[in-house]
Amino acid sequence: MPKTSRRTLGWTIATEIIHPWLGRPAGWWFSYRQLNEWLWKDGVNRKNTSDVRDMLFREFEFLEPLLEEQPFIMGSHPSVADYGYFASMFRHFGNDPVSAETMRMQAPNTYEWLARLWNAKPDKLSAEQIWHEPTQPFWLPMLDRIANDYLPYLKQNAEAYLADQKRFDFAGKSLQFNGTKATAYRVWCYCQLQKAFHDLSKEHKEKVRTYFNDVEGFDQFVNAKVIDVNMDQNYMLPWRPKDQKRPGFTPSIWIFGQPRN
């Protein structure tokens with residue numbers, strides 16, 4: 001995380017949850033905490049720092065030609081793909097000072113898409129919906145990352161978590177994280193993807209598989225043992241637990257960070 005972005009985020013956290021007068025000293029601590037907790041303690045090291053940094057530019061290589069042709073990821077209207085992608089792209093890349101400036105300079109279509117999605121309203125969208133399948137050439141690197149980095153990461157995380165391992169060494173096609181944390185939320189994500197795929201009709205399963213014809217690795221997801229965990233009540237929104245409450249922002253959370261799970 002670049003120093004400018006790290007310090008800006010630390011100052012924002014400190015002034016919003018503690019006190020503006022403590023923005024500078026507490027901001028330094030929060031900036032260090034973000035770097036330590038979410039990078040160095042989560043598998044990022046000097047060997048893979050460049051790979052992690054370049055993830056942003058690989059996303060631009062996919063999103064820029066796509067959003068040059070159409071306003072949203074799957075066509076004329078927002079879809080689940082847009083909102084799923086939007087979360088981290090907006091919160092981190094679109095707001096952190098360094099990555100936001102990089103996006104404005106090198107990926108204006110992507111930056112414009114963030115604003116378009118943020119401001120999407122029914123009366124701003126046309127009545128006619130046009131959808132495109134992910135078959136254009138610029139989809140191939142993204143499909144490759146899905147099949148050989150993202151899905152293997154979720155699978156390895158789930159296996160580690162269910163084996164009561166707090167950390168695991170992730171090895172994908174283009175990324176490797178040694179000692180990364182096993183998190184419950186990502187187990188749930190993997191289960192949701194497995195369920196969604198296996199609930200498809202035979203015809204639609206084959207159609208999805210055709211999208212990955214030119215990349216290897218997707219069959220490992222298709223043929224993997226289905227993991228079934230009872231976590232829906234923890235992550236479905238709106239979150240209205242009957243017998244449990246979310247932890248409040250205690251001093252320990254201010255200092256050491258919010259628990260992942």
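Being part of a helix (DSSP H, G or I) and hydroxyl-bearing (Ser, Thr, Tyr) is the filter; apply it to the stretch 30-85 and report the residue that is farthest from Asn109 (Cα to Cα). Give the steps one after another, and end with the answer.
Initial filter on the stretch 30-85 (part of a helix (DSSP H, G or I)): 30-38, 40-42, 49-69, 80-85.
From what is left, the residues that are hydroxyl-bearing (Ser, Thr, Tyr) are 31-32, 49-50, 83, 85.
Values: Ser31: 30, Tyr32: 32, Thr49: 26, Ser50: 24, Tyr83: 16, Tyr85: 15 Å.
Selected residue: Tyr32.
Given the criteria under 19 Å from Ser88 (Cα atoms), in a loop (DSSP other than H, G, I, E, B) and among the small types (Gly, Ala, Ser), does Ala120 qualify?
Working: under 19 Å from Ser88 (Cα atoms): yes; in a loop (DSSP other than H, G, I, E, B): yes; among the small types (Gly, Ala, Ser): yes.
So Ala120 fits the description; yes.
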| task | Scan Leu114, Leu140 and give me the residue that is open to solvent by less than 30 Å² (accessible area, probe 1.4 Å) and in a helix (DSSP H, G or I). | result | Leu114
| note | Selection from the stretch 156-183 of residues surrounded by fewer than 18 Cβ atoms within 10 Å (Cβ to Cβ) and in a helix (DSSP H, G or I) yields Glu159, Leu162
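Within the stretch 53-73, is there a residue that is at pLDDT 75 or above, β-branched (Val, Ile, Thr) and more than 30 Å from Ser126 (Cα to Cα)?
So the first thing to find is which residues in the stretch 53-73 are at pLDDT 75 or above, and the list is 53-73.
Filter once more, so that each one left must be β-branched (Val, Ile, Thr): 73.
Imposing the further condition that a residue be more than 30 Å from Ser126 (Cα to Cα) reduces the set to none.
No, that holds for no residue.
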| Every pair of residues 6+ apart whose Cβ atoms lie under 6 Å, when the first sits in the stretch 108-128 and is farther than 15 Å from Met74 by Cβ while the second is open to solvent by 50 Å² or more (accessible area, probe 1.4 Å) | Asn109/Glu68; Tyr111/Arg104; Leu114/Phe90
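Just the residues that are of a type in the set (Val, Ile, Thr) and open to solvent by less than 50 Å² (accessible area, probe 1.4 Å), please, taken from the stretch 37-74. Before the answer, list the steps.
Filtering the stretch 37-74 down to residues of a type in the set (Val, Ile, Thr) leaves 44, 49, 52, 73.
Selection gives Val44, Val52, Ile73.
Quick grid of which residues meet (1) modelled with pLDDT of 95 or more; (2) at negative phi; (3) over 17 Å from the mean Cα position of the chain (by Cα):
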{"position": "Ser126", "(1), (2), (3)": "no, yes, yes"}
{"position": "Ile130", "(1), (2), (3)": "yes, yes, yes"}
{"position": "Phe138", "(1), (2), (3)": "no, yes, yes"}
{"position": "Pro152", "(1), (2), (3)": "yes, yes, no"}
{"position": "Ala158", "(1), (2), (3)": "yes, yes, no"}
{"position": "Asp164", "(1), (2), (3)": "yes, no, yes"}
{"position": "Thr180", "(1), (2), (3)": "no, yes, no"}
{"position": "Ala184", "(1), (2), (3)": "no, yes, no"}
{"position": "Tyr190", "(1), (2), (3)": "yes, yes, no"}
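Quick check on the stretch 90-105. Is at least one of its residues within 20 Å of Lys124 (Cβ to Cβ) and either in contact (Cβ under 8 Å) with a residue 12 or more places away in the chain or part of a helix (DSSP H, G or I) (or both)? Even if it seems obvious, please write down each step before you answer.
Step one: of the stretch 90-105, the residues within 20 Å of Lys124 (Cβ to Cβ) are 90, 94.
When the remaining residues are screened for being either in contact (Cβ under 8 Å) with a residue 12 or more places away in the chain or part of a helix (DSSP H, G or I) (or both), the result is 90, 94.
Within the stretch 90-105 (the criterion being within 20 Å of Lys124 (Cβ to Cβ) and either in contact (Cβ under 8 Å) with a residue 12 or more places away in the chain or part of a helix (DSSP H, G or I) (or both)), the answer is yes, since at least one residue qualifies.
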| task | Output the number of residues of the stretch 184-210 satisfying the condition of being open to solvent by 20 Å² or more (accessible area, probe 1.4 Å) and either touching a strand residue (DSSP E or B) at 6+ places or on another chain (Cβ under 9 Å) or under 26 Å from Val52 (Cα atoms) (or both). | result | 6
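The values are calculated or read from the model by the stated rules, or taken from the named source; none is laboratory data. Quantities reported herein were computed from a predicted structural model and do not represent experimental measurements. Heads up, the Cβs are rebuilt from the backbone with ideal geometry, glycines too, and the neighbour counts pull from every protein chain shown. Note: areas computed on protein heavy atoms with side chains; ligands, DNA, RNA excluded. Shrake-Rupley method; radii C 1.70, N 1.55, O 1.52, S 1.80 Å.
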